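The values are calculated or read from the model by the stated rules, or taken from the named source; none is laboratory data. All values reported here derive from a predicted model rather than from experimental measurement. No Cβ is skipped: glycine too gets one built from the backbone with ideal geometry, and neighbour counts run over all protein chains shown.
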Amino acid sequence: MVSESSRTKYLKDGTAVIVREKTLDDLDASMQFYASMPEQERELMRIDVTDRSVVEGRLMEIEKGNFFRLVAEVEGKFISEAILEDLRYGWMRRTGEIRILILPEFRDTDLARIITREIFLNAARRGLNNLIARVLDGETWMYDTLKKLHFKHEATQKRHAVDLHDNQHDVHLMTFSLSGMWQDIENAILESIASPREY
Amino acid sequence: MSEFLKEVSLTNGKKIGLKYLGREDFESSLEFFRRQPDSDRVYLRRDVTDRSVIEKRIEEIENGLSTVIVAVDEGRIVGDALLYVAQRGWFRKTGEIRFVVDVDYRGLGLGTLLAREIFMVAIKKGLRKLEATCMETQTGVVMVLEPLGFEKEGVLKNFVVDLHGREHDLILLGMHLG
């Protein structure tokens, strides 16, 4: 398992946010967090997050090691959660799937960027080349946020998923190339070495 | 091997049996995948020549996550079709199918027969959609599935890696069942 230590990050307005890995002791805080999410969004989540036993079951998956779960907290209250699932074996062994949740009052901040950067770093440590995100047609905020974070909309799978009430939804597949990102950084460094600016 | 589910005829007139794969077929299943040419196996989702992968497949069947129908000729498995359905979450009504046909039995309609049989299982399970994914090199998969009603839903460029670590495009196919 790739371990991450707790660290303090600052939003642009100066708010201190503690970003750390989720642990098995975070069940109560997780339940509070999910309860604070808009009901309409909760209903589109993959599992019933109002069911404590279901949330506990997901939390136990931390021990499997192929999940990296990150939380951001302000004054002890979760304001965001992100998951990276390392798909691990077979032809997807260099791909990870990500999912980000942020409380509405923190969506207009740079929190999504901070959280995603942590996910990218963890994905790099795991040797992943690609990230994939699957977004339901009703998850407008998630779609827009991933677009801003340079995820590419690859395909829409029509009526591919069902929500908690068995209503069918289209699934947008969005990807991000980590190997492409590292290549861009390397190119930028090489370019700056080749043509140094004068100060 | 246990009783056949049914007997079907290939386009050359040869009759073969179809049956559900179970634990008793472990060695036959492993032998089937190991018999396939490396040039084909390299594009499969998992390294099915590995005993632990076959064990995981059998466990998924026993846990109700997947159903596998195999084609058997003279005691040997010559085709394998799998239906995987998540037990909870968004994709509990969407089944994923995968199939492999023995190199010596291709072009005889076996892929279509296996796919049809898996469709029937999917319908009985009350699924609303089927999906299949393959690398761009696996043209046979698309050739079998498109005439059956599957449509291409997208292509993820350089998204998956074969057993040798080479990158390939991933083709997404889908078909609504109702």
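Taking every residue in region B:46-63 that is more than 14 Å from B:Gln36 (Cα to Cα) and at pLDDT 90 or above and pairing it with any residue that is among the small types (Gly, Ala, Ser) and part of a helix (DSSP H, G or I), at least 6 positions away or on another chain, the pairs with Cβ-Cβ distances below 6 Å are B:Ile54/B:Ser29.
Taking the criterion of being within 14 Å of B:Glu27 (Cα to Cα) and modelled with pLDDT under 95, would at least one residue in region B:65-87 satisfy it? Yes, that holds for at least one residue. What do you reckon, is B:Ser29 in contact with a Phe, Trp or Tyr (Cβ under 8 Å, 6 or more places away or on another chain), away from chain A (no Cβ under 14 Å) and more than 16 Å from B:Leu163 (Cβ to Cβ)? Criteria not met by B:Ser29.
If I ask for residues that are closer than 15 Å to B:Gly79 by Cα, out of contact with any strand residue (DSSP E or B) (no Cβ under 8 Å at 6 or more places or on another chain) and touching a residue at least 60 places away in the same chain (Cβ under 8 Å), which ones from region B:12-39 would you list? Answer for region B:12-39, where residues must be closer than 15 Å to B:Gly79 by Cα, out of contact with any strand residue (DSSP E or B) (no Cβ under 8 Å at 6 or more places or on another chain) and touching a residue at least 60 places away in the same chain (Cβ under 8 Å): B:Arg35, B:Pro37. Would you check which residues across region A:71-130 are within 15 Å of the chain's Cα centre (by Cα) and among the β-branched types (Val, Ile, Thr) and list them? Those that are within 15 Å of the chain's Cα centre (by Cα) and among the β-branched types (Val, Ile, Thr): A:Val71, A:Ile79, A:Ile83, A:Thr95, A:Ile98, A:Ile100, A:Ile102, A:Ile114, A:Ile115, A:Thr116, A:Ile119.
Could you check, for region A:139-146, whether at least one of its residues is within 14 Å of chain B (Cβ to nearest Cβ), closer than 23 Å to A:Leu44 by Cα, part of a loop (DSSP other than H, G, I, E, B) and modelled with pLDDT under 95? Within region A:139-146, one or more residues are within 14 Å of chain B (Cβ to nearest Cβ), closer than 23 Å to A:Leu44 by Cα, part of a loop (DSSP other than H, G, I, E, B) and modelled with pLDDT under 95. Just a yes or no: is a residue in region B:1-21 away from chain A (no Cβ under 13 Å), crowded, with 17+ Cβ neighbours inside 10 Å and among the small types (Gly, Ala, Ser)? Yes.
Considering only residues in region A:84-97 that are surrounded by 21 or more Cβ atoms within 10 Å (Cβ to Cβ) and out of contact with any Asp or Glu (no Cβ under 8 Å at 6 or more places or on another chain), the one that is farthest from A:Ser5 (Cα to Cα) turns out to be A:Met92. Checking each residue in region A:120-138 for being under 16 Å from A:Arg46 (Cα atoms), more than 10 Å from chain B (Cβ to nearest Cβ) and part of a strand (DSSP E or B) picks out A:Ala133, A:Val135.
Given the conditions (1) within 11 Å of another protein chain (Cβ to nearest Cβ); (2) surrounded by 15 or more Cβ atoms within 10 Å (Cβ to Cβ); (3) not in a loop (DSSP other than H, G, I, E, B), report the number of the one that A:Leu164 does not fulfil. A:Leu164 satisfies every listed condition except (3). Within region A:134-157, the set of residues being in contact with an Asp or Glu (Cβ under 9 Å, 6 or more places away or on another chain) and closer than 24 Å to B:Glu131 by Cβ comprises A:Arg134, A:Leu136, A:Asp137, A:Gly138, A:Glu139, A:Met142, A:Tyr143, A:Ala155, A:Thr156, A:Gln157. Do we find a residue being aliphatic (A, V, I, L, M) and surrounded by fewer than 19 Cβ atoms within 10 Å (Cβ to Cβ) anywhere in region A:122-135? Yes, that holds for at least one residue. Going residue by residue through region B:67-84, is there one that turns out to be in contact (Cβ under 8 Å) with a residue 12 or more places away in the chain, in contact with a strand residue (DSSP E or B) (Cβ under 8 Å, 6 or more places away or on another chain) and closer than 28 Å to A:Lys152 by Cα? Yes, region B:67-84 has at least one match. Of all residues being outside any loop (DSSP other than H, G, I, E, B) and within 20 Å of B:Phe159 (Cβ to Cβ) in region A:147-157, which is nearest to the other protein chains (Cβ to nearest Cβ)? Just the residue, please. The residue in question is A:Ala155. Please verify whether B:Gly154 is facing chain A (nearest Cβ under 8 Å), without any contact (Cβ under 8 Å) to a residue 24 or more places away in the chain and of a type in the set (Gly, Ala, Ser), treating the condition exactly as stated. Yes; evaluated as a whole, the condition is true for this residue. Select from region A:1-15 the residues that are surrounded by fewer than 10 Cβ atoms within 10 Å (Cβ to Cβ) and free of Cβ contacts under 8 Å to residues at least 24 places away in the same chain and list them in ascending order. Within region A:1-15, A:Ser3, A:Ser5, A:Thr8, A:Gly14 qualify. Here the helices (runs of 4 or more DSSP H) wholly within region A:16-66 that include at least 2 residues being of a type in the set (Ser, Thr, Tyr) and crowded, with 16+ Cβ neighbours inside 10 Å are A:27-36. Out of B:Leu163, B:Leu172, one residue alone is modelled with pLDDT under 90, within 14 Å of another protein chain (Cβ to nearest Cβ) and outside any helix (DSSP H, G or I). It is B:Leu163.
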